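Have a look at the structure that comes next, please.
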Amino acid sequence: MIATLAEKIKRGNERLSAEELTTLYLHCPIPQLSAFATLRREQLNGKNVFFNRNFHIEPTNICMNDCVFCSYRRHEGEAGSWDYSIDDITAQCRARAGEGITEVHIVGGVHPHRDVHYYARLLQAVKQALPAGVHIKAFTAIELDYMITKAGVSLSEGLALLQQAGLDAIPGGGAEIFDATVRRRLCPKKGDAGVWLRVHEAAHEASIRTNATMLFGHIETLAHRIDHLLQLRELQDRTHGFDAFIPLKYKAANNALGDIGETPVLDVLRTIAVSRLALDNIPHIKAYWPMLGKDVMQIALLFGADDIDGTINDSTKIYSMAGAGEQHPTLGVDELCRLVRAAGFSPAERNTFYEIRKRY
Ligand code: SF4
C-alpha cells in the first residue's frame, strides 16, 4: 500500500482518499512520510520558506464562550482580563509604526457587548495609525459571526462593512475540530462547523483571502482529523480562497482539559505531513513557531511546512497563557533566516498575500 502511495505522490496530480491518508498516518515510516511531504511541498513551493513582519493585537480576552481547552479567556471583571479601548490599540500601533511591519493580526475573545460597527471603527483607527500599505488580517469566523449577528445585518453586509473599514484578510482560528460530537464537549457555546465554513465561504465570495486551522491532540480521533482536512479541501475546491492551513497543537496548561496531557512531537510532525499531502489545493502549510517552539518549527519544515508566520515581537498571549515554551515570542528577521537556512531552505519575506517582498 505504501509503495502504491509513493507512486501516486510522485505523479503529483492525484488526490489522496480518506483511507490513503489514514494509512499514511498509521503505517508510513516517519522518514518516508517526511520524504513524501517534502516532495509535495517542493512541487508547490520549491525551497521557499515564507515569513512576514507582523505583530498581533488582542483587543480583549473577555469572552462569552467557555471553550474547555482555552487558557486565555476571562469573564468581565475577572482577574487577568483585559479590554483595550480603541485609543489604547491605536497607541499600540503607533508604537510599532517604525518597525517595517507589513501585517497586523487582530483576534481576541467574543466580547458580549461589541458588534460589527464597533469593530469597523477599530479597523479604521488601526489603518490610520499604521503606515500606508500595512495589511489587516482580523477576526476569527466565530468572532465575525457573533459581531455581525449582534448588529442585525447579513453576513455579506457585515463583511462589506469591515472591508470598507480596512479588513484585508481573515485568519483561520475558531475551526478547532469540525466533528459535532467533539465540538459539543470542547466548545459547546461556540458556533458549529457550519458557521465556520459559511463565514469563510462568504469571505471568499467577497474576495477576502482567509486561512484555516485545526486544533488537534486533545479528545479527537484520527478519523476526526481526516474529516476536518477533507471538509476544508472540499470548500477550497469550490472557492479557492484559502492561502494557508495551520495545524495547531493543543497546549495543556491552565485550562479545564489540562489533565489529558499533550500529544508527542512525532504526532505533531505526522499531522503536518499528512496535512500537506491531504490539502493538495491549499498552497501553504504553516508551522506556527510561537506554538511549536523554534526547534520543532525547524523540523516541521522537513515535514511539508513552507511558512513560519512572522516576527510577532512579543505581541500575542494566546499560546504563552497555555504553556507554550515561547513565553515572549519574538524573532528578528536575521534569526528567522538563520533558522530557515539551517534546515536547508531559502527564506522569503512575503506580504499577507504571499507576494515575495525580499529574498535573503
Ligand atoms: S477559544 Fe476563543 S471563543 Fe473559545 S473561550 Fe477562548 S477566546 Fe473564547
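Residues of the range 258-313 being among the hydrophobic types (A, V, I, L, M, F, W, C) and assigned to a loop (DSSP other than H, G, I, E, B), which ones?
Leu279, Ile282, Ala287, Ala305, Ile312
Next up: Give all pairs with beta carbons closer than 6 Å in which a residue from the range 299-321 that is within 18 Å of Val104 (Cα to Cα) and open to solvent by 20 Å² or more (accessible area, probe 1.4 Å) meets a residue that is part of a loop (DSSP other than H, G, I, E, B) and aromatic (Phe, Trp, Tyr); count only pairs at least 6 apart in sequence or on separate chains.
Close Cβ pairs satisfying both conditions: Ile318/Tyr72.
Right, something else. I'm trying to understand the selection: among the residues of the range 180-229, which are more than 22 Å from Val274 (Cβ to Cβ) and not in a helix (DSSP H, G or I)?
Cys187, Pro188, Lys189, Lys190, Gly191, Asp192, Ala206, Ser207, Ile208, Arg209
Still on this structure: Would you please name the residue that is nearest to Gly172 (Cα to Cα), looking only at residues in the range 245-254 that are in a loop (DSSP other than H, G, I, E, B) and open to solvent by less than 30 Å² (accessible area, probe 1.4 Å)?
Tyr250
Something else now. Counting just the residues of the range 103-139 that are within 16 Å of the ligand (Cβ to nearest atom), in a strand (DSSP E or B) and open to solvent by less than 10 Å² (accessible area, probe 1.4 Å), which one comes out nearest to Gly191 (Cα to Cα)?
Checking each candidate, the answer is Ala138.
Quick grid of which residues meet (1) within 15 Å of the ligand (Cβ to nearest atom); (2) closer than 19 Å to Ala322 by Cβ; (3) hydrophobic (A, V, I, L, M, F, W, C); (4) surrounded by fewer than 23 Cβ atoms within 10 Å (Cβ to Cβ):
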| site | (1), (2), (3), (4) |
| --- | --- |
| Asp179 | no, no, no, yes |
| Arg185 | yes, yes, no, yes |
| Gly194 | no, no, no, yes |
| His204 | no, no, no, yes |
| Arg209 | no, no, no, yes |
| Gly217 | no, yes, no, yes |
| Thr221 | no, no, no, yes |
| Gln231 | no, no, no, yes |
| Asp243 | no, no, no, yes |
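Residues are listed down the side, and each one gets a yes or a no for (1) modelled with pLDDT of 95 or more; (2) open to solvent by 10 Å² or more (accessible area, probe 1.4 Å):
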{"position": "Ile9", "(1), (2)": "no, no"}
{"position": "Ala18", "(1), (2)": "yes, yes"}
{"position": "Leu21", "(1), (2)": "yes, no"}
{"position": "Leu24", "(1), (2)": "yes, no"}
{"position": "His27", "(1), (2)": "yes, yes"}
{"position": "Gln32", "(1), (2)": "yes, yes"}
{"position": "Val49", "(1), (2)": "yes, no"}
{"position": "Thr60", "(1), (2)": "yes, no"}
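Only one of (1) under 24 Å from Leu331 (Cα atoms); (2) in contact with a helix residue (DSSP H, G or I) (Cβ under 6 Å, 6 or more places away or on another chain); (3) surrounded by 15 or more Cβ atoms within 10 Å (Cβ to Cβ) is not met by Arg94, so which one is it?
Of (1) under 24 Å from Leu331 (Cα atoms); (2) in contact with a helix residue (DSSP H, G or I) (Cβ under 6 Å, 6 or more places away or on another chain); (3) surrounded by 15 or more Cβ atoms within 10 Å (Cβ to Cβ), only one is false for Arg94: (3).
To continue, here is another question. With the condition kept exactly as written, say whether any residue in the range 145-164 is within 14 Å of the ligand (Cβ to nearest atom), among the β-branched types (Val, Ile, Thr), part of a helix (DSSP H, G or I) and open to solvent by 10 Å² or more (accessible area, probe 1.4 Å).
no
Further, regarding this structure: Suppose we filter the range 50-102 for residues that are within 9 Å of the ligand (Cβ to nearest atom) and closer than 30 Å to Asp306 by Cβ; how many remain?
5
Right, next: Counting only residues that are under 17 Å from Ala138 (Cβ atoms) and within 16 Å of the chain's Cα centre (by Cα), how many does the range 151-202 have?
11
Only one of (1) surrounded by fewer than 22 Cβ atoms within 10 Å (Cβ to Cβ); (2) more than 17 Å from the chain's Cα centre (by Cα); (3) under 30 Å from Gly261 (Cβ atoms) is not met by Glu335, so which one is it?
Status for Glu335: all satisfied but (3).
The values are calculated or read from the model by the stated rules, or taken from the named source; none is laboratory data. Note that this is a predicted model, so its numbers are computed, not measured. A quick note on method: Cβ atoms are made from the backbone with ideal geometry, for glycine too, and the neighbour counts reach across all protein chains shown. Only protein heavy atoms, including side chains, enter the accessible area calculation; ligands, DNA and RNA are left aside. Shrake-Rupley method; radii C 1.70, N 1.55, O 1.52, S 1.80 Å.
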